[in-house]
Amino acid sequence: MSIAVGICSCRRPDLLEQRLQEVYQLSVMDPFVFVASDGRDDETQRRFAGQVPMLVSHWNGTPCNKNKLLRVLQHVDFGIMLEDDCHVVQKGWDAALWATYQHTGVGHLCFQAEPYHSGHRLEGEAFEARWGDWAARLHVSFGLRGPNGLCLTTTPAIIERVGGLWGGFGPWGFAHMDWTQRIRRAGLAPADFESLSFAEDNAYLRWVKHPPVSSKEIKAASKATNGPIYDERQRLGRLYEPLTIPADTEAVGPWPGQYKECWREDRTAAVAP
């Protein structure tokens, strides 16, 4: 069984250093750890290129940066995508995610400030009826509050079926929701999967606030522009998007042999609908 943790970052080397330290110190399943950096020739590459495997490119926005992670995660049994502003705080966090996947069969778990569609939440007795005592064992909950950090899990079956995040949304807004909805439509995550999100005060993940990368004006413009695009994509019901990455993507740092070249290939292209 192979597991990997991919951390995406964009010109925030101090946050990245904290996440790397936490992942190295608190993981127990010996995951392969690597970074997708969305900002070539910045302090991030200078500080970490000799220490951690990195996929670097000029700035292209979150969707393309996470697709760089997925290019590698398509080659492991279980993948975790961690943003550089999501803290890991307890030993065994990776084993907890793996155990949740094994127990529920849900390979796409989402940990974020707010669930995408609150109308699908299961609360109280309905939650217990669905997941039994697993909630108590792992402090599994939902209704997260606070910051911007995001953690997602995935499997090769998910990546093969739906591919990557669609870059047409641009740098911010709706790409994660679109990816999740495609996974649901493919039957690879239940409609109530947000109920597996970890609570803000649980033992495994917590969230850190920081100044947002984009201004409120940019976020508002993104919603006005991307909202109708998102709605239209849901109406059309598209499932698959290729794992598109920037053309100037380059691997730097100490990549082990089995992963050194795997990011170059989009394995989903051969089975695309």
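When the range 51-82 is filtered for residues that are in contact with a Cys (Cβ under 9 Å, 6 or more places away or on another chain), within 13 Å of Cys151 (Cα to Cα) and buried (at least 24 other Cβ atoms within 10 Å of the Cβ), the ones remaining, listed by number, are Lys66, Leu69, Ile80, Leu82. Listed by first and then second residue, the pairs with beta-carbon distance under 9 Å, at least 6 apart or on different chains, first residue in the range 86-106 and in contact (Cβ under 8 Å) with a residue 12 or more places away in the chain and acidic (Asp, Glu), second surrounded by fewer than 20 Cβ atoms within 10 Å (Cβ to Cβ) and outside any loop (DSSP other than H, G, I, E, B), are Asp94/Val23; Asp94/Leu26.
Just checking, how many residues over the range 86-99 are within 17 Å of Gln25 (Cα to Cα) and touching a strand residue (DSSP E or B) at 6+ places or on another chain (Cβ under 8 Å)?
Step one: filter the range 86-99 for residues within 17 Å of Gln25 (Cα to Cα), giving 86-97.
The next check asks that each one be touching a strand residue (DSSP E or B) at 6+ places or on another chain (Cβ under 8 Å); those that pass are 86-89, 93-94, 97.
The number of residues fulfilling the criteria is 7.
Every residue, every condition in (1) acidic (Asp, Glu); (2) at pLDDT below 90; (3) crowded, with 19+ Cβ neighbours inside 10 Å, yes or no:
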| site | (1), (2), (3) |
| --- | --- |
| Ala224 | no, yes, no |
| Gly227 | no, yes, no |
| Leu243 | no, no, yes |
| Thr249 | no, no, yes |
| Pro254 | no, no, no |
| Gly257 | no, no, no |
| Trp263 | no, no, yes |
| Thr268 | no, yes, yes |
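Residues considered: Leu188, Leu205. Of these, the only one that is at pLDDT 85 or above and either of a type in the set (A, V, I, L, M) or surrounded by 17 or more Cβ atoms within 10 Å (Cβ to Cβ) (or both) is Leu188. Residues in the range 231-241 that are over 25 Å from Pro156 (Cα atoms) and surrounded by 10 or more Cβ atoms within 10 Å (Cβ to Cβ): Asp231, Glu232. Residues in the range 19-53 that are closer than 18 Å to Pro246 by Cα and modelled with pLDDT of 95 or more: Phe34, Val35, Ala36, Pro53.
Out of the residues in the range 13-22 that are surrounded by fewer than 19 Cβ atoms within 10 Å (Cβ to Cβ) and touching a residue at least 40 places away in the same chain (Cβ under 8 Å), which is farthest from Asp248 (Cα to Cα)? Taking the candidates together, the pick is Glu22.
Of the residues making up the range 57-83, just one is part of a strand (DSSP E or B), within 10 Å of the chain's Cα centre (by Cα) and at pLDDT 95 or above, namely Gly79. Leu16 satisfies every condition listed in (1) within 18 Å of the chain's Cα centre (by Cα); (2) outside any helix (DSSP H, G or I) except (2). Pairing residues of the range 244-258 that are closer than 29 Å to Pro171 by Cβ with residues that are assigned to a loop (DSSP other than H, G, I, E, B) and hydrophobic (A, V, I, L, M, F, W, C), at Cβ distances under 9 Å and at least 6 apart in sequence or on separate chains, gives Thr244/Leu165; Thr244/Trp166; Pro246/Trp59; Val252/Ala49; Gly253/Ala49; Gly253/Val52. Scanning the range 24-44 for residues that are surrounded by fewer than 19 Cβ atoms within 10 Å (Cβ to Cβ) and part of a helix (DSSP H, G or I) turns up Tyr24, Gln25, Leu26, Glu43. Would you mention how many residues in the range 231-273 are under 19 Å from Ala4 (Cα atoms), part of a loop (DSSP other than H, G, I, E, B) and among the basic types (Lys, Arg)? Total satisfying the criteria: 1.
The values are calculated or read from the model by the stated rules, or taken from the named source; none is laboratory data. Keep in mind that this is a model prediction, so the values were computed, not measured. Cβ coordinates were reconstructed from backbone atoms using ideal geometry, including for glycine residues, and neighbour counts include every protein chain displayed.
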